[in-house]
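Okay, structure first, notes after.
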Amino acid sequence: MRRPIVYYMLTQRGTWWPPEVSSHYAKELSRFGSVVYFRQGSEREEAFRQTFRHLELLRHVIADPSPEELADTEYYFLSAKHEPGIWADQASSVLDLSAACDGNGEVDCRRGAKVVRPVVHAARKSKALDIAAIPGINPPRLHLLSARARDLLSSLGATGCSITPALDKSTGALSTTRFQLHVTQPVSAPPDSGKVLRIIDECPRCGAVLAGHLESLPVFKRDEMAKTDFQYFDAYRTSNRGEIKLVNEIPLVSGRVMKALVASGMSGLRDYLTEPPIRFGVAEIT
Ligand SMILES: [Zn+2]
């Protein structure tokens, strides 16, 4: 694993770190305070573990590769920023919801929705990101691309996706500057995530999970992944609840495409996590 980070989180609902954690481990506390993190094997971690062994903690190890190491990893989680000028309320005009879960009107599930019309964009050129997430249209996962990002993906021959023009708000015609990236290739089986420790929120109709705690980060099996540059998954395999479905489709991108996006200085890629701070989210594969 590349430059592993170890992080700890509290598992019990409604509990918070004792004051000694914020006073002694302020540097290691994540931005929103939900985890305490260390470089794996550091003395500080050992001291922390000894001092707080009475707390019920979940310990995870996660890779934290540098930009130079990007091509050494097969797949990353694709994570992009929202761009100003793309609205969250486009879902009803862009999606076909006829086969989608309505969450009994209690939660915004939409599992099974399909993108059938182009997204409208009105972002000023100066604000446009090369790759941007579209808020509110979820599922399925879609991104907007600049012409530059579209050209890069075409020149790489990126697979597992399709790229179509978005709709330009000012002309009402298909855009020549903004494109949408659809990740079309699913993995053939969901990744393993150990035990479900706690479900925080789930869809009352289809059972898809909106939030919960899993024992481990997802681990994919190599022969259950596609060979394409882009692919997505929408479930976890667990040891105590079988397969659990997710409301979101989570896209992955190959190391070679990620490296090219970063090396060309494409804007819009978002840090994978703030808790702990991880810039590039490695998909673990066995
Ligand atoms: Zn549902």
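Hey, any hits in the range 253-267 for a residue that's part of a strand (DSSP E or B), of a type outside the set (S, T, N, Q) and closer than 21 Å to R141 by Cα? Yes, the range 253-267 contains a residue that is part of a strand (DSSP E or B), of a type outside the set (S, T, N, Q) and closer than 21 Å to R141 by Cα.
Within the range 100-118, the residues that satisfy the criterion of being charged (D, E, K, R) and more than 10 Å from the ligand (Cβ to nearest atom) are K114, R117. Can you say whether F32 is hydrophobic (A, V, I, L, M, F, W, C), crowded, with 16+ Cβ neighbours inside 10 Å and touching a residue at least 24 places away in the same chain (Cβ under 8 Å), as far as the supplied structure shows? Criteria not met by F32. A single member of R222, R256, R205 is surrounded by fewer than 16 Cβ atoms within 10 Å (Cβ to Cβ) and within 19 Å of S162 (Cα to Cα), and it is R256.
Here's the yes/no breakdown for (1) under 17 Å from the mean Cα position of the chain (by Cα); (2) in the same structural domain as V120 (by TED's automatic domain parsing); (3) within 16 Å of the ligand (Cβ to nearest atom); (4) among the hydroxyl-bearing types (S, T, Y):
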{"position": "L181", "(1), (2), (3), (4)": "yes, yes, no, no"}
{"position": "S188", "(1), (2), (3), (4)": "no, yes, no, yes"}
{"position": "I200", "(1), (2), (3), (4)": "no, yes, yes, no"}
{"position": "G212", "(1), (2), (3), (4)": "yes, yes, yes, no"}
{"position": "V219", "(1), (2), (3), (4)": "yes, yes, no, no"}
{"position": "A235", "(1), (2), (3), (4)": "yes, yes, yes, no"}
{"position": "G242", "(1), (2), (3), (4)": "no, yes, no, no"}
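Residues that are under 27 Å from K114 (Cβ atoms) and in contact with a helix residue (DSSP H, G or I) (Cβ under 7 Å, 6 or more places away or on another chain) within the range 245-257 comprise just one, V257.
Scanning the range 166-181 for residues that are surrounded by fewer than 17 Cβ atoms within 10 Å (Cβ to Cβ) and assigned to a strand (DSSP E or B) yields L174, T176, T177. Just so you know, in the range 187-202 the residues that are surrounded by 16 or more Cβ atoms within 10 Å (Cβ to Cβ) and at pLDDT 95 or above include one that is nearest to S254 (Cα to Cα), and it is V187. Within the range 59-102, being in a loop (DSSP other than H, G, I, E, B) and free of Cβ contacts under 8 Å to residues at least 60 places away in the same chain holds for P84, G85, I86, W87, L97, S98, A99, A100. Among the residues that make up the range 260-268, is at least one of them crowded, with 17+ Cβ neighbours inside 10 Å and within 20 Å of D192 (Cα to Cα)? Checked the range 260-268: no residue is crowded, with 17+ Cβ neighbours inside 10 Å and within 20 Å of D192 (Cα to Cα).
The values are calculated or read from the model by the stated rules, or taken from the named source; none is laboratory data. Computed from a predicted model, the values in this text were never measured in an experiment. Counting neighbours? That spans all protein chains shown, and the Cβs are built from the backbone with ideal geometry, glycine included.
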